[in-house]
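The values are calculated or read from the model by the stated rules, or taken from the named source; none is laboratory data. Being a predicted model, the structure only gives us computed values, none of them experimental. With ideal geometry, Cβ positions are generated from the backbone for all residues, glycine too; neighbour counts draw on all protein chains shown. These area figures cover heavy atoms from the full protein model, side chains too; ligands, DNA and RNA do not enter into them. Shrake-Rupley method; radii C 1.70, N 1.55, O 1.52, S 1.80 Å.
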Amino acid sequence: MTAQPYTDELVDRLARANRVCVLTGAGISAESGIATFRDPDGLWAKFKPQELANVKAFLSNPELVQGWYQARRNVALEAQPNAGHMALVDLASIVSDFTLVTQNVDNLHTRAGSKNVLELHGNIARNYCIDCNQEVEDIAPIPDGETLRCTACNGLIRPDVVWFGEMLPDGIMDKALTKAKQADVVLSIGTSAVVYPAAYVPLVGREHGAYVAEINIEASDIASMINESVLGPSGKVLPQLVEAVRTRKRSGKQ
Ligand code: OAD
């Protein structure tokens with residue numbers, strides 16, 4: 001049997017917790033084949049966010065930006081939720097008040113079966129017209145040299161994701177921070193925790209007395225400010241951890 005990468009205390013705390021708040025980042029989808037941003041083979045090592053992920057770039061080169069998001073959307077649509085996503089669905093079923101906050105736009109938590117996911121940075125599966133705001137569901141392949149435009153008003157179509165310099169969806173951060181403040185345990189999973197305000201979720205949880213653990217293949221930026229860093233791929237660690245919590249709850253030794 002391989003040694004468990006997490007402490008008994010984390011298992012105990014989760015087994016006793018009434019309220020759990022989880023923040024996820026790109027790392028939880030890495031085992032589904034979706035590139036992260038800041039790992040050596042991540043998106044920001046190959047592409048420049050200033051050319052692709054802000055409104056100015058979009059307006060000056062919509063063809064490039066739409067094409068890049070279409071390629072990412074196709075990768076996300078073809079990917080399957082992995083054991084880490086599934087383990088969080090399982091954890092939600094054994095905790096009375098469970099909140100899942102994600103920075104990911106890939107929709108994999110919802111496709112895995114998670115409910116009411118707080119998507120801080122939007123969802124790449126959705127698109128809308130920048131002029132009339134109409135949602136556009138089916139995105140056909142964009143022919144070379146063309147841009148995707150609204151059938152109603154001819155406005156440019158953009159992905160429903162948060163770009164650099166943009167506000168997060170209305171009220172979403174308040175909801176996430178309220179849950180983090182109330183939580184007995186906060187988990188920060190597969191995120192470098194360098195992007196704010198998202199990274200406030202674990203930090204605010206800690207400040208308000210939650211036991212805070214991260215699950216990551218390496219210690220993140222906030223490692224020294226939280227209770228525990230569990231090192232390992234989330235697709236392996238999470239199912240093992242959730243099973244341990246189930247066993248602890250069944251044994252009644254909480
Ligand atoms: P990052 O790419 O910054 O960080 C991914 C994290 O996942 C790193 O800390 C990796 O060590 C870890 N990781 C990689 N594989 C893993 C695995 N199998 N299991 C567990 N951890 C693993 O991605 P985010 O933190 O999500 O924002 O980035 C935050 C935001 O920055 C994104 O939402 C995006 C980006 O710019 C916007 O697009 C607005």
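Can you spot a residue in region 11-30 that is hydroxyl-bearing (Ser, Thr, Tyr) and over 30 Å from GLN182 (Cβ atoms)? No: region 11-30 contains no residue that is hydroxyl-bearing (Ser, Thr, Tyr) and over 30 Å from GLN182 (Cβ atoms).
Suppose the filter is surrounded by fewer than 20 Cβ atoms within 10 Å (Cβ to Cβ), over 30 Å from ALA17 (Cα atoms), of a type in the set (D, E, K, R) and within 16 Å of the ligand (Cβ to nearest atom); does ARG126 pass it? Here the answer is yes, as ARG126 does meet what is asked. Looking only at region 6-41, residues that are crowded, with 17+ Cβ neighbours inside 10 Å, in a loop (DSSP other than H, G, I, E, B), within 16 Å of the ligand (Cβ to nearest atom) and over 15 Å from the mean Cα position of the chain (by Cα) come to 1 in all. Here the condition is being more than 8 Å from the ligand (Cβ to nearest atom), under 22 Å from LEU108 (Cα atoms) and not hydrophobic (A, V, I, L, M, F, W, C); of LYS175, LYS181, it holds for LYS175 alone. Among the residues of region 195-254, just one is farther than 28 Å from THR178 by Cβ, open to solvent by less than 40 Å² (accessible area, probe 1.4 Å) and not in a helix (DSSP H, G or I), namely GLY232.
Scanning region 74-109 for residues that are open to solvent by 50 Å² or more (accessible area, probe 1.4 Å) and β-branched (Val, Ile, Thr) yields a count of 1.
Looking across region 191-209, just one residue is more than 12 Å from the ligand (Cβ to nearest atom) and touching a residue at least 40 places away in the same chain (Cβ under 8 Å), and that is GLY205.
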